[in-house]
Each structure stands twice: as C-alpha cells, then as structure tokens.
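Enquirer: Sending over a structure as structure tokens; questions will come in a sec.
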Amino acid sequence: MTSLADDVLVTALHQERLRVARNLHDLVLQDLTAVLLQLRAASRNPCTDSQSGYLGQATSAAEQGLASARKLLRELRCERPAARSYGCVALAPMLHEAASFVPRSSEASVLCEFSEGIEQPPFVCDEVALVMREALSNALRHAQAREIVCELLPQRDMFELRVSDDGRGFLPGRRNGGYGLRGMSERAALLGRRTGRAQRSGQRHHGAPAPPTRIMKPVSILLVDDHPLVRLGLAMLLGHDARYDVVAEASNGQEAVEAFLRLRPDLVLMDVMMPVMNGIDATRLIRSADPHARVVILSSSDGEEHIYRGLHAGASAYLLKDAPEQQVSECLAAVMDGRKFIPAAISARLAAGVGGERLSPREQDILCHLSKGLCNKLIARATGIAEGTVKCHVRNIFSKMGVSTRTEAVREAMKRGLIDLSA
C-alpha cells in the first residue's frame, strides 16, 4: 500500500511539474523569443553607435534569459536526482559568472572577493548564484549604486554570501517586501539557509546576413505560431532578406494545414505547441497531402520529445527560435536544396533521448494506455487482448526502456517522444 501511495504521489508531483513547465513555455519563453527576434530585426536598421550598443546589450540579455528559461524547463520536465548523487563543485566560479550579467556600460563597478575553497552540490550553487544576481539587480535598479562588493566568506561549517553597495537605503514601509527580498529568502530557505539584510550610512547589504545574390524568385514562406509578436519578429527578420517572401501566417496547426493546401508555399516555418492543433500533427498532415512539402520546426523548446516527434512527422529541420541568424540562413538554404538540417546541439540531445531498443507498435499502444493510468485489466479490455499478454508487453517495455516502474516508463517515453502528456 505504501509503494502504491508513493507511486501516486510521484506521478502527481510530476504532473504538476509538467503544468508549470507548460506555463513557463507558453508565457515566459514565448515573450522572450518575441523580444529577441524584434531586437535582432531592429539592429539591422541604421542607428548610432550608442543605440547599437544598447541593442547589443538588450539582445545579449534576452539570449541569456532564454537560455536560463530553457534550463529551468528541462529541470521541470525531468525528475531531479537525489542530492546524494551529486558531486560537489566550486561555488566561486559560478558566482563570478553570475556577476558577469552586469552590463559593461553600467556606471556601477562590481568587486568580487570570493573564497576559492568552498564547494557545494551543483543545485545549491545554482540557487546561491540566483540569490546573488537578484541582490545585484536590486543594487543597480533600486539603490542606484555606483560601487558594489560581493564577498563569499567561510564560516566554520557554513558559508556567508555578502553583497554590499553604496546606494540609497530602503524606503519606509518596504523593508519586509519588494526588491526581490522575499524571493531571495525563499530560495535560501529551500536549501536550509537564511538571508539577512542590514543598513548602514551609505551602504546596503543583501543576502546581419550578407546581401543576397541573384535569385529569380523569392522563396514563399508560411509562418505558423500562436504568438502574434513571435510571428511579427520572424516576419521582420525575413523581410530584410530578398530571398524570402512571407505569403501567409497561421496561429495554429489547423490554420496552417488549410493555408498550405490553399497556397502551396515553398517552405513552412512551424511552431510546436499551439492550440486547436499542434505543429507536429499539422506537419504530419501537410506531409501526407504533399510528400515534397518542406517544413522547418521552429520552436522555443529543446526537449527531446518535441525534436523526435517533429522529425518523425516529416519535418526537414528543427531549429530553436533564438538560433543565430547565420544558422537560420544555412538551415533554410539546406532545406530548399532538399537536405535535412539538424544543428549539432540538437543532434546530441536527440541521440541521448532515443537510445535503446525500439518498441513494437503493440508495445507503443500499451505504453499510451499506461500513460493514462490504466491497470492491466482495463488495458486488456481496451486493446482486445488477454490480461496475461498485457503483462508480458509491460515487462518487455520495462526491459527495452531500462525502467522498473510505470511512472519511470511514462517519464522515459516522454523524453523519447513516444507520448506527449502536455498535448
């Protein structure tokens, strides 16, 4: 009974992590992507050196934000290993990296004095680095500091992170809220630590591609994304290149299929997670209607399940929306030339996610029923086979996937793209 209860709890927790991951993808990643695309488009327009510098800094910040959001998305979609499976790593280098986010153009100077002998598990280092970044952000935005000192100090069997500045102090009535103080305290509490803050006079403490050559006819493109700002950013980028002509836009997979059948564009740039019909199902329908159709999956997600399913649906390429412009240009050229295009980083993630023996069609069907929480008896009834046969298939699935429980099987199937509980 205890084992069953534990399994139910693990499944419920995993489902909640997936819900948060979907919200992160649909809200934060999409907005950051839209900002990044429009910043890149804006940088192509004539501007002063000062404006160009600000655009470059904003672009770098958006790229860093997307990378951080994707890292968090991967952590949410995959169960975190137990802390004992982690080795310890040096904390100081991660704090130096966290301090590097302060723009070079900032008038504030940041002095880092970190003891080099302090080591912690990686997830602890991540949280401490995030606390320091929040403290630095507070000093720059709210305190308007010109000098900031970050110190990492050993304290017997613990350590102290101290961020001090010469900016203005707290406003009356705001000492217990605002300025990110609650978030920093919550992060520290999760690790069994605490944050503190003090105020002294004058100080605060806080716990473009090359021009096209001759092209007789531009490549007609259908843009498919449920976020208008993302479509606008993509259209702005492609609009600067005479080789391409955006002939239509669609906000979901169903609209994409209808627009493709009506216009027959040369190329489709397809998002994955959309309402009504997702991009993978739309890609499959487009390729069924026209085996020669060229579809490029352009997604905010680098999860193995989306990469695997997108390519197996018939897509010619899979790119992230924040891919460098040169990579996007190479991808579109390769696809129009009839070749596949998969960046090295995505190939590595795909290889990591699809290892092991392949499941048979019957085993994949059984796995889909497992993902819905059905017992062997109900699976037998749904598939029309004997319950003993179902048990045999389940054992084979566990063996091929290298797992020992149904929860692990469903989680591994999501990584490989065999099922998609977020659809």
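The values are calculated or read from the model by the stated rules, or taken from the named source; none is laboratory data. Small disclaimer: the values here were computed from a predicted structure and weren't measured. Using ideal geometry, Cβ is built from the backbone for each residue, glycine included, and neighbour counts are taken over all protein chains shown.
Enquirer: From the residues in segment 324-353 that are among the hydrophobic types (A, V, I, L, M, F, W, C) and buried (at least 17 other Cβ atoms within 10 Å of the Cβ), which one is modelled with the lowest pLDDT? Step through it out loud before you land on a result.
Expert: Applying the first criterion (among the hydrophobic types (A, V, I, L, M, F, W, C)) to segment 324-353 yields 328, 331-336, 341-342, 344-346, 348, 350-352.
Remaining after also requiring buried (at least 17 other Cβ atoms within 10 Å of the Cβ): 328, 331-332, 335, 341-342, 346, 350.
On the way: 328: 89, 331: 92, 332: 93, 335: 94, 341: 91, 342: 87, 346: 77, 350: 63.
Checking each candidate, the answer is 350.
Enquirer: Still on this model: Restricting segment 237-253 to residues that are assigned to a helix (DSSP H, G or I) and under 23 Å from the mean Cα position of the chain (by Cα), which is modelled with the highest pLDDT? Let's see the steps before the verdict.
Expert: We begin by selecting, within segment 237-253, every residue assigned to a helix (DSSP H, G or I); these are 237-239, 253.
From what's left, under 23 Å from the mean Cα position of the chain (by Cα): 237, 253.
Details: 237: 83, 253: 95.
Among those residues, the one meeting the criterion is 253.
Enquirer: Working carefully through the options 236, 270, find the one that is assigned by TED's automatic domain parsing to the domain that holds residue 331 and under 25 Å from residue 346 (Cα atoms). Give the derivation first.
Expert: Numbers: 236 fails: under 25 Å from residue 346 (Cα atoms).
The conditions single out 270.
Enquirer: Now for a separate question. Mind telling me which of the residues 102, 124 ends up being assigned to a loop (DSSP other than H, G, I, E, B), among the hydrophobic types (A, V, I, L, M, F, W, C), at pLDDT below 80 and over 19 Å from the mean Cα position of the chain (by Cα)? Break it down stepwise before answering.
Expert: Values: 124 fails: assigned to a loop (DSSP other than H, G, I, E, B).
Exactly one residue qualifies, and that residue is 102.
Enquirer: Looking at segment 38-70 only, could you name the residues that are farther than 19 Å from residue 241 by Cβ, under 26 Å from the mean Cα position of the chain (by Cα) and small (Gly, Ala, Ser)?
Expert: 56, 58, 60, 61, 62, 65, 67, 68, 69, listed by residue number.
Enquirer: Next question, about the same structure. Note down all Cβ pairs under 9 Å where the first residue falls in segment 388-400 and is more than 17 Å from residue 368 (Cβ to Cβ), the second is surrounded by fewer than 16 Cβ atoms within 10 Å (Cβ to Cβ) and of a type outside the set (A, V, I, L, M), and they're at least six residues apart or on different chains.
Expert: So the pair list comes out as 399/357.
Enquirer: Tally time: how many residues in segment 264-321 are part of a helix (DSSP H, G or I), buried (at least 24 other Cβ atoms within 10 Å of the Cβ) and at pLDDT 90 or above?
Expert: Total meeting the criteria: 5.
Enquirer: Which numbered condition trips up residue 219, out of (1) at pLDDT 95 or above; (2) under 27 Å from residue 344 (Cα atoms); (3) β-branched (Val, Ile, Thr)?
Expert: All conditions are met except number (1).
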